[in-house]
1. Just checking, does region 397-408 include any residue being buried (at least 17 other Cβ atoms within 10 Å of the Cβ) and among the basic types (Lys, Arg)?
2. Any chance region 220-230 includes a residue that's open to solvent by 40 Å² or more (accessible area, probe 1.4 Å) and either in contact with an Asp or Glu (Cβ under 6 Å, 6 or more places away or on another chain) or without any contact (Cβ under 8 Å) to a residue 24 or more places away in the chain (or both)?
3. Restricting to region 231-257, name every residue that is among the charged types (D, E, K, R), open to solvent by 90 Å² or more (accessible area, probe 1.4 Å), touching a strand residue (DSSP E or B) at 6+ places or on another chain (Cβ under 8 Å) and part of a loop (DSSP other than H, G, I, E, B).
4. Quick check: is even one residue across region 177-187 crowded, with 17+ Cβ neighbours inside 10 Å and either farther than 17 Å from GLY129 by Cβ or touching a Leu at 6+ places or on another chain (Cβ under 7 Å) (or both)?
5. If you take the residues of region 133-150 that are of a type in the set (Ser, Thr, Tyr) and in contact (Cβ under 8 Å) with a residue 12 or more places away in the chain, which of them is surrounded by the most Cβ atoms within 10 Å (Cβ to Cβ)?
6. Which residues, counting only those in region 258-292, are more than 30 Å from LYS92 (Cα to Cα) and part of a loop (DSSP other than H, G, I, E, B)?
7. Consider GLU343 against the criteria (1) touching a Gly at 6+ places or on another chain (Cβ under 7 Å); (2) of a type in the set (Asp, Glu); (3) open to solvent by 20 Å² or more (accessible area, probe 1.4 Å): it satisfies all of them except one. Which criterion is unmet?
8. If you go through region 359-369, how many residues are on the phi > 0 side of the Ramachandran plot and surrounded by 21 or more Cβ atoms within 10 Å (Cβ to Cβ)?
Amino acid sequence: MRLLQVINLARDYLGLGVIGLIFIGIIYILFFRKFLKNHVKANIKKVIVFCILFCYIVIVIGATIFIRAGVYEHANLHLFSSYIEAWNNYSKSYWRNIILNILMFVPFGFLLPLFSEKFKKCYITLSLGFLFTLGIETTQYITKRGIFEVDDIMNNFIGALIGYSLVMFILLIISKEKTKLKSLKLIIYILPTLIAIFAGYKINNAYNMQEFGNLSSNYNYKYDMSKVSLKSNVKIYDNEDKQKMVYKLKRLSADEALEFAENFFEKLETEVDKSNIVIHNNEIMYSSIDDRYKMTVYLNGGVYNFTDYKCNDKLINQDMDEESVKKVLNDYNVGQYNHSQFEQEIEDREKLSSYNFRVDLDEKDNKLIDGYLNINQFNKILSIYNYIYTYNPYGKYKIISEKEAYNKLKEGKFNSYELYNIKSILIRSIKLCYQLDSKGYYQPVYRFECTIDGDGRSIFIPALEDIK
């Protein structure tokens, strides 16, 4: 979930929280003040904190329960599995989910001590924080509106701890306490925040120090294979001292991407509108000055997609042969790879015409070429997706044998991709292929084509000997 989505959710449920507060205020005025003679006079500071706390709880419950459909049926009881998954993928979205889960409960730990003196006792606030997150996870599981995850409970608890520590740190600083223990207390209160920051730094530093990136296909936790029937229809070899090339994907700089877009548009007799360049993570979007053409260049590999919004509406049709499609691509100065496989893509929409040129791990001139080129047209909109990657050789590395890869699968060290309660795995074939890691290296992996509980699926085991 992106930060903007979180802000929009908070805004949506804030209104509901305000309505709830108005209802509580009416009940208080009509009932408590009228019938309870010894009612306690409200403290304005407590009222403000209570209002904020109430709205916050409504937002959290809404964001974790009510926005989801009741389609989840499982629980993830593997501690730290979300951290391992984030490490294997090493993308902003995975780490963002963990960080948001922590930050979501910081206000809980921060606000309670401001509301009442009794919540300044650590065990009370943290116990309530634990019960709150446990209640959310349990409700998600019962209503099927989320997966019960122990990592979520841990992250929420850490957030409550950080929030409590920060507010106690601030309250102690502004207090008039002058005891010798004040400095020690300040250190203790700020420690959880410092530990969290240091842990994030160490994780990022460890990632930057390693030679290769991480593979998303690596396992997040060991699957319990004790009740799984594992069989193979192919012979599994125990090859010794085998080496395989690792390839590196070239990454363009922003200047190189702009130069590529300018050359592309120049051949179409137009220019890049430099006032309308949008940069987003690893991709840059360009428009022509007449706004007819748009192009997105991906910095990893220099691949791109291109759209012409005002072309001849019959430029691409559903009855074209390979040479006719190539001619259209040449008119847009898009080359094709010689050893690609030509295919027509059948779509549900009758007016959409689509063709592919597909390359499957072709090693040529000491380089590895993989991917596809797609051209399609719908009415007067023509789109080209050139996702053919060229990988340069990086170096040869020793890989594990098929038998060693099979033993990892046998031990449950594979990514089940949210498959639960597997009963049988039948291995139909084993092939050494490649996968792109998080740093742009193309690493060798073993692909086990399997039938898992009657469905065809692939299981990938990293092949580099030093990748555990």
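The values are calculated or read from the model by the stated rules, or taken from the named source; none is laboratory data. Here the structure is a predicted model, which is why all the values come from computation and not from measurement. For neighbour counting, all protein chains shown are included, and Cβ atoms are generated from backbone atoms with ideal geometry for every residue, glycine included. Only protein heavy atoms, including side chains, enter the accessible area calculation; ligands, DNA and RNA are left aside. Shrake-Rupley method; radii C 1.70, N 1.55, O 1.52, S 1.80 Å.
1. Looking through region 397-408, at least one residue is buried (at least 17 other Cβ atoms within 10 Å of the Cβ) and among the basic types (Lys, Arg).
2. Yes, region 220-230 contains at least one residue that is open to solvent by 40 Å² or more (accessible area, probe 1.4 Å) and either in contact with an Asp or Glu (Cβ under 6 Å, 6 or more places away or on another chain) or without any contact (Cβ under 8 Å) to a residue 24 or more places away in the chain (or both).
3. Initial filter on region 231-257 (among the charged types (D, E, K, R)): 231, 235, 238, 240-242, 244, 248, 250-251, 255-256.
Then drop every residue that is not open to solvent by 90 Å² or more (accessible area, probe 1.4 Å), which leaves 231, 235, 240-241, 250-251, 255.
Next cut, touching a strand residue (DSSP E or B) at 6+ places or on another chain (Cβ under 8 Å) only: 231, 241, 250-251.
Answer for region 231-257, where residues must be among the charged types (D, E, K, R), open to solvent by 90 Å² or more (accessible area, probe 1.4 Å), touching a strand residue (DSSP E or B) at 6+ places or on another chain (Cβ under 8 Å) and part of a loop (DSSP other than H, G, I, E, B): ASP241, LYS250.
4. At the first step, the residues of region 177-187 found to be crowded, with 17+ Cβ neighbours inside 10 Å are none.
Looking for residues that are crowded, with 17+ Cβ neighbours inside 10 Å and either farther than 17 Å from GLY129 by Cβ or touching a Leu at 6+ places or on another chain (Cβ under 7 Å) (or both), one finds none in region 177-187, hence no.
5. Residues of region 133-150 of a type in the set (Ser, Thr, Tyr): 133, 138-139, 141, 143.
Then keep just the ones that are in contact (Cβ under 8 Å) with a residue 12 or more places away in the chain; that gives 133, 139, 141, 143.
Numbers: THR133: 24, THR139: 15, TYR141: 17, THR143: 13.
Restricting to residues being of a type in the set (Ser, Thr, Tyr) and in contact (Cβ under 8 Å) with a residue 12 or more places away in the chain, the top hit is THR133.
6. LEU268, GLU269, THR270, GLU271, ILE289, ASP290, ASP291, ARG292
7. Unmet condition: (1).
8. Filtering region 359-369 for residues on the phi > 0 side of the Ramachandran plot gives 361, 365-366.
Okay, now just the ones that are also surrounded by 21 or more Cβ atoms within 10 Å (Cβ to Cβ), so none.
Going through region 359-369 one residue at a time, the tally reaches 0.
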